[in-house]
Amino acid sequence: MTAPRRLLARLRDLMAHGAAPLAEVTRLLAGELVSEVCTIYVQRPGDILELAATEGLNVAAVGRTRLRVGEGIVGLCAATAQILNLPDAQNHPAFAYRPETGEEPYASMIAVPVRRAGRTLGVLAAQNRTPRRYSEDEVEVLETVAMLLAEILSATGAADGAEEGVGATVPRVFSGIALAPGIAIGPVVLHGVRPVARRLLAEDPAAERARLHAAAEHMQRGLDQLLADGLPNGAEDTASREVLEAYRLVAADTGWLRRVEEAIAGGLSAEAAVQRVAGELRDRMRRITDPYLRERMADLEDLAGRLLTALEGDMPRQPIAPGSILLARRLGPAELLDWQQRGVVAVAVEEASPAGHAAILARALGLPAIGGARGMLDSAEPGITAVVNADDGQLILRPDAELRQVYERALAARTAQEAGYAALRDRPAATADGTGVTLLLNVGLAMELDQLDRTGAAGIGLFRTEIAMLARGEIADIGEQAAMYARVLDRAAGRPVVFRTLDLGGDKLLPGSEQPVEENPAMGWRSLRVGLDRPALLRRQLRALLLAAGGRELSVMFPMVATVAEFRAARALLLAEAKRVRPAPAGLRIGSMLEVPSLLWQLPAILAEVDFISIGSNDLMQFLFAADRSSPALAGRYDLLSPPVFDALETVLQQANAAGVPVSLCGEQAGRPLDAMTLVGLGLTTLSMPATGLPAVKALLARLDLRSFRPVLAAIRRNADGAASLREPITAWAREQGMID
Ligand code: PEP
Ligand code: MG
């Protein structure tokens, strides 16, 4: 059952006459629910909820009783945007007693958030003397009325004074995590927060049902088309055909459409009914922790959006202001591409992690992006100014003039710097005194190979093959993998590429994978360990790599090698595949990553086996210092520029040089200019790094007089005296030389 037509008809009449007295709404609703109390709280400036109308409580409390967002049951409902259905409200830990309301006799309470376009405008509540849970039917009635109430509040401006409403001027800063670096300032566009349906109620359910069916068919045809066309710009790496196929199946599932039909039968327009069901999905999604199920629910929510678009007809897409900043609760890879093509220059996503699809793509496209900035959508309006400072993981809404200026200056400085980098791009990387350095890129998607030309990198020092698999949610078959890797080699156009075999596990999990639950996944069954225990999986990847090479040069390296025996076993699989694949690669180079400290004590043996070594300083640091690399609490606690790391690197370099084995370093820190300068000072001449770091590294190295730096670095090391980090004296020297500000 949905809200009875009688009630909706009365509310429609009220709305048709312009101002709808909130007291009248509470009276009608209390009658419908057979509840003794029905109240409406409206959100006011300063995160305050004010009692705006009541049936059953003391009317003198209207306009007087105020709760902060987060305070009391009503405040908790507003803060979490969730329904609270409580048989014994007064013993709930959040209950806040307000004597002026006279609510002592009422045991049970239900509070429903009143939301519009992603913002909380107030709370609708009902109370009864007898302890009881409100039934599903009653919850539905309340949800429908809350939706109408949202319209009434925004039409009458009752909640317009809310701090975060249209016209608010207070800046708000949201902290999240950096997904892709950079700074942008621009007007906000909102993804997935659509204008609320204009027409909420309809008199002819049959006509609404017919509109719904036509729209559903239209949407289905659109998805079929999307599948038939494939995705633009080589995005097939990320938003895989399978992902879209699964999405299309969800779309064809009739269960949720039936729920929409039920809402139509209750008197809602097709648009309002879809929004109702989407709202329910959103509520359910909040309670789901299983990542796979969350993805499916997110697909459904997204489909509701598409269905609304279809219901609105094929209206031309509204153009967006150039330089816009996209704010989204969640974002799929195809959607991100679409927005980028429409002119979006930065994104902030409420629910996204660095390994998520949106993050991977944002990095590939060079869009500054932050994730995890919760609550931002509640404060945002389309068109307001926002700053994305992805370097520090911050989103600022409505920056004041001063803040704006700070970021405009930062942007201008960055643009000038980038112009300087562009001039350096085509010059070979070298120190000021002529030592050549090879600067390579760390990438994970074929589309990121555009960065080779943009940065002038000499090649790819680390191609993380697992990234594309993570983006598509499963491991591709041999043919698809071979096509993917061949595309990488094609786009590298002769520049060297080092493919690293799958480094899954730890924090890089495929949905539904058989990964065991482990106390310390970073040190668990991950990476090459999985490959050696599931040799068929690793062999398929190795064959795909050999096929992709198709007679060209091929470099393969294995991650997380802890023993020489592991390297030998992995290499044996590669060589066995190499015997079968024709044409054979012009040259096959097989290397090992050095990221597990145990290898430091097996150097002569491993160096005798490998064609090259690549130091994975992200993991090596984590294991050397026993410091979880993904723990924000430990970020920056241990330094690459420290005596133990220098000693370890020096040992590797000395022994590798003696054995004639090339060494590179491919951790993220290679992309930080001062770190890169120091690594070169220690004797490393091949560094592989994220594209964002390369121009600045190249620029700083071009100013480095290596001959003077080497003895300085040696002296700094000699005088270390137990220091945890040598960053300060190294920075001081670079500053003295005028190399950095
Ligand atoms: C590393 O550990 O330094 C590395 C380059 O590999 P990843 O960051 O992919 O673990
Ligand atoms: Mg690693």
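The values are calculated or read from the model by the stated rules, or taken from the named source; none is laboratory data. For clarity, every value in this text was computed on a predicted model and none was experimentally measured. Using ideal geometry, Cβ is built from the backbone for each residue, glycine included, and neighbour counts are taken over all protein chains shown.
The table that follows gives values for the structure above.
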| quantity | calculated |
| --- | --- |
| Single residue of R718, R727, R710 found to be over 20 Å from D619 (Cβ atoms), in contact (Cβ under 8 Å) with a residue 40 or more places away in the chain and surrounded by fewer than 21 Cβ atoms within 10 Å (Cβ to Cβ) | R727 |
| Residue that is modelled with the lowest pLDDT, among those in the range 310-328 that are touching a helix residue (DSSP H, G or I) at 6+ places or on another chain (Cβ under 9 Å) and not in a loop (DSSP other than H, G, I, E, B) | A310 |
| Top-ranked residue in the range 558-578 [being surrounded by 19 or more Cβ atoms within 10 Å (Cβ to Cβ) and among the β-branched types (V, I, T); ranked as nearest to ligand 1 (Cβ to nearest atom)] | V561 |
| Residues (of a type in the set (A, V, I, L, M), closer than 30 Å to P521 by Cβ and either in a helix (DSSP H, G or I) or away from ligand 2 (no atom under 16 Å from the Cβ) (or both)) located in the range 470-504 | L470, A471, I475, A476, I478, A482, M484, V488, V497 |
| Residue within the range 493-508 that is closer than 27 Å to A359 by Cα, more than 16 Å from ligand 1 (Cβ to nearest atom) and among the hydrophobic types (A, V, I, L, M, F, W, C) present | yes |
| Filtered residue count, the range 638-653, keeping only those that are over 17 Å from S592 (Cα atoms) and surrounded by fewer than 17 Cβ atoms within 10 Å (Cβ to Cβ) | 3 |
| Per-region count, the range 579-596, residues of a type in the set (D, E, K, R) and either surrounded by 23 or more Cβ atoms within 10 Å (Cβ to Cβ) or within 16 Å of ligand 1 (Cβ to nearest atom) (or both) | 1 |
| Number of the exception - L665 against (1) within 13 Å of ligand 1 (Cβ to nearest atom); (2) surrounded by fewer than 17 Cβ atoms within 10 Å (Cβ to Cβ) | (2) |
| Filter result (under 17 Å from Q669 (Cα atoms) and either part of a loop (DSSP other than H, G, I, E, B) or free of Cβ contacts under 8 Å to residues at least 24 places away in the same chain (or both)) within the range 425-443 | V437 |
| Hits in the range 447-469 - residues which are farther than 21 Å from L538 by Cβ and assigned to a helix (DSSP H, G or I) | M447, E448, L449, D450, Q451, L452, D453, R454, T455 |
| Verdict on R172 being at pLDDT 85 or above and touching a helix residue (DSSP H, G or I) at 6+ places or on another chain (Cβ under 8 Å) | yes |
| Any hit, the range 550-566, residues being in a helix (DSSP H, G or I), touching a residue at least 60 places away in the same chain (Cβ under 8 Å) and either away from ligand 2 (no atom under 15 Å from the Cβ) or not charged (D, E, K, R) (or both) | no |
| Candidates T501, T455, T435 - the one that is buried (at least 19 other Cβ atoms within 10 Å of the Cβ) and modelled with pLDDT of 95 or more | T501 |
| Output for the range 608-662, where each listed residue is within 12 Å of ligand 1 (Cβ to nearest atom), among the hydroxyl-bearing types (S, T, Y) and part of a helix (DSSP H, G or I) | S617 |
| Residue count, the range 602-631 (criterion: under 19 Å from R589 (Cα atoms) and more than 14 Å from ligand 2 (Cβ to nearest atom)) | 10 |
| Residues that are more than 21 Å from the chain's Cα centre (by Cα) and within 16 Å of ligand 2 (Cβ to nearest atom), drawn from the range 442-459 | none |
| Residue match in the range 537-557 (condition: touching a Pro at 6+ places or on another chain (Cβ under 8 Å) and within 16 Å of ligand 1 (Cβ to nearest atom)) | yes |
| Residue satisfying condition, being touching a strand residue (DSSP E or B) at 6+ places or on another chain (Cβ under 7 Å), of a type outside the set (G, A, S), part of a helix (DSSP H, G or I) and at pLDDT 95 or above, within set L679, L687 | L679 |
| Selection status of I590, assigned to a strand (DSSP E or B), closer than 25 Å to L653 by Cβ and in contact (Cβ under 8 Å) with a residue 24 or more places away in the chain | yes |
| Output for the range 697-707, where each listed residue is within 25 Å of T415 (Cβ to Cβ) and buried (at least 19 other Cβ atoms within 10 Å of the Cβ) | V697, K698, L700, L701, L704 |
| In the range 622-644, the residues that are touching a helix residue (DSSP H, G or I) at 6+ places or on another chain (Cβ under 7 Å) and among the hydrophobic types (A, V, I, L, M, F, W, C) | F623, L624, A627, L640, L641 |
| Filter result for L599 (closer than 17 Å to L649 by Cβ, within 15 Å of ligand 1 (Cβ to nearest atom), free of Cβ contacts under 8 Å to residues at least 60 places away in the same chain and buried (at least 24 other Cβ atoms within 10 Å of the Cβ)) | yes |
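One line per residue, one yes/no per condition, for (1) in the same structural domain as V34 (by TED's automatic domain parsing); (2) in contact (Cβ under 8 Å) with a residue 40 or more places away in the chain; (3) surrounded by 19 or more Cβ atoms within 10 Å (Cβ to Cβ):
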site	(1), (2), (3)
A53	yes, no, yes
A60	yes, yes, no
G63	yes, no, no
L67	yes, no, yes
G72	yes, no, yes
P87	yes, yes, no
Q90	yes, no, no
A94	yes, no, no
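Conditions (1) within 31 Å of the chain's Cα centre (by Cα); (2) among the small types (G, A, S); (3) not in a loop (DSSP other than H, G, I, E, B), marked per residue:
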site: L67; (1), (2), (3): no, no, yes
site: A78; (1), (2), (3): yes, yes, yes
site: N85; (1), (2), (3): no, no, yes
site: V114; (1), (2), (3): yes, no, yes
site: Q127; (1), (2), (3): no, no, yes
site: R132; (1), (2), (3): no, no, no
site: L148; (1), (2), (3): no, no, yes
